[in-house]
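Q: Before we start, here is the structure in question, set down as structure tokens.
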Amino acid sequence: MLRIENPGLDASQGVRLSHDAYRLDFRQRRWAAEGRSAWKLERQQHFREPNNESWNAFSRGDWEGALRLIEQRREDLTMLERQAKEHRSEMFRVRVVEQPLTPYLQWELNSLRLRAECGGHIRVVGPERISGLEEDGPLPELVALGGQTLYEIVYDDRGILDGAVRFVDREITARWEQFIQCLYEEGEELSTYFEREVAPQPPPRPE
């Protein structure tokens, strides 16, 4: 178990953003902290992404089509990672993965593998690594940008993105950045995890 503490997060200290407002706010702030890394924590094991063509193919049971659509993003993701390097603001992502894999997570890990192949920094941690950190509930879904902005990502009861709560307090952001960084340092590189745990799996059934 990690020797770190859950920093806690009080939504009343942030500002609730709608889906569209969050998207716009994120785009405006993404490169504002040039020279500072971004950090992302993904905890939940199931989401729905109806605006993603690959996810829609997966949800219809077209696994080959879903994988083909993932691969079609290679050029765009390579350009995005190149842009992050130019701004000296690369994103480091931690994905909590439980076994057995949910169908959604099997799809997402294939998508994340492509991102990693394009230069993304992604590591996996199992639930045993966060044992004792979730006494008050699951860890939040978070994105921290350059020590300046923290977003708690909000989903509706169907698992569809519904906006975010934005925090701009530097102390709150710093605590969570350090927390995610500690998880990242303890994590396993996605590439090795994928080859061992994901690649041998048969195509998932839609949820």
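Q: Got the relative contact order for region 75-122 handy, in percent, Cα pairs under 8 Å and 6 or more residues apart?
A: Once normalised by length, the contact order is 56 percent.
Q: Something else: Ordered by residue, what ³J(HN,Hα) values in Hz, to whole numbers, does region 107-121 give under the Karplus form 6.51 cos²θ - 1.76 cosθ + 1.60, where θ = phi - 60° and Gly and Pro are x?
A: 5, 5, 5, 5, 5, 5, 4, 4, 4, 5, 5, 8, x, x, 9
Q: With an 8 Å cut-off on Cα pairs and a minimum separation of 6 or more residues, tell me the relative contact order of region 137-183 in percent.
A: Details: 59 pairs, mean separation 14.8, N = 47.
So the answer I get is 32 percent.
Q: With θ set to phi - 60°, apply the Karplus curve 6.51 cos²θ - 1.76 cosθ + 1.60 along region 5-21 and write out the HN-Hα couplings as whole Hz, x wherever there is a Gly or Pro.
A: 3J(HN,Hα) across region 5-21, in whole Hz: 10, 5, x, x, 8, 9, 4, 5, 8, x, 10, 6, 10, 5, 3, 5, 5.
Q: How much net charge surrounds Gly120 when only the other residues with a Cβ under 14 Å from the Cβ of Gly120 are counted, with Lys and Arg +1 and Asp and Glu -1?
A: Once positives and negatives cancel, what remains is +3.
Q: Can you give me the long-range amide H partners of Tyr155? Hydrogens built in the peptide plane at 1.01 Å from N, cutoff under 5 Å, separation of 5 or more residues or another chain.
A: Distant-sequence amide H within range of Tyr155: Asp162.
Q: Between Arg158 and Glu86, how high is the FRET efficiency from 1/(1 + (r/R0)^6) when r is the Cβ-Cβ distance and R₀ = 41 Å? Nearest 0.05.
A: Efficiency, from the Cβ-Cβ distance: 0.65.
Q: Per-residue HN-Hα couplings for region 78-89, Karplus 6.51 cos²θ - 1.76 cosθ + 1.60 at θ = phi - 60°, whole Hz, x for Gly and Pro?
A: Here the 3J(HN,Hα) series is 5, 5, 5, 5, 5, 4, 4, 5, 4, 7, 6, 9 Hz.
Q: Expressed as a rounded percentage, what relative contact order does the chain have, with Cα pairs under 8 Å and six or more residues apart?
A: Over the chain, the number comes to 33 percent.
Q: Which residues' amide hydrogens lie under 5 Å from the amide hydrogen of Ala38, considering only partners 5 or more residues apart or on another chain, with H built in the peptide plane?
A: Answer set, sorted by chain and number: Glu90, Met91, Phe92, Gly146.
Q: Would you give the gap between the C-alpha center of region 174-198 and the C-alpha center of region 23-44, rounded to a whole Å?
A: 17 Å
Q: Same structure again: Decide, for the chain, between rounded, prolate and oblate: order the square roots of the alpha carbon gyration tensor eigenvalues as a ≥ b ≥ c, take rounded if a/c falls under 1.5, and otherwise choose prolate if a/b is larger than b/c, else oblate.
A: Rounded shape, in that the Cα axes give a/c under 1.5.
Where a number appears in this text, it was derived from the coordinates with a stated rule and is not lab data. Remember, predicted model here, so these are calculated numbers, not experimental data. Backbone-built Cβ (ideal geometry, glycine too); neighbour counts: all protein chains shown.
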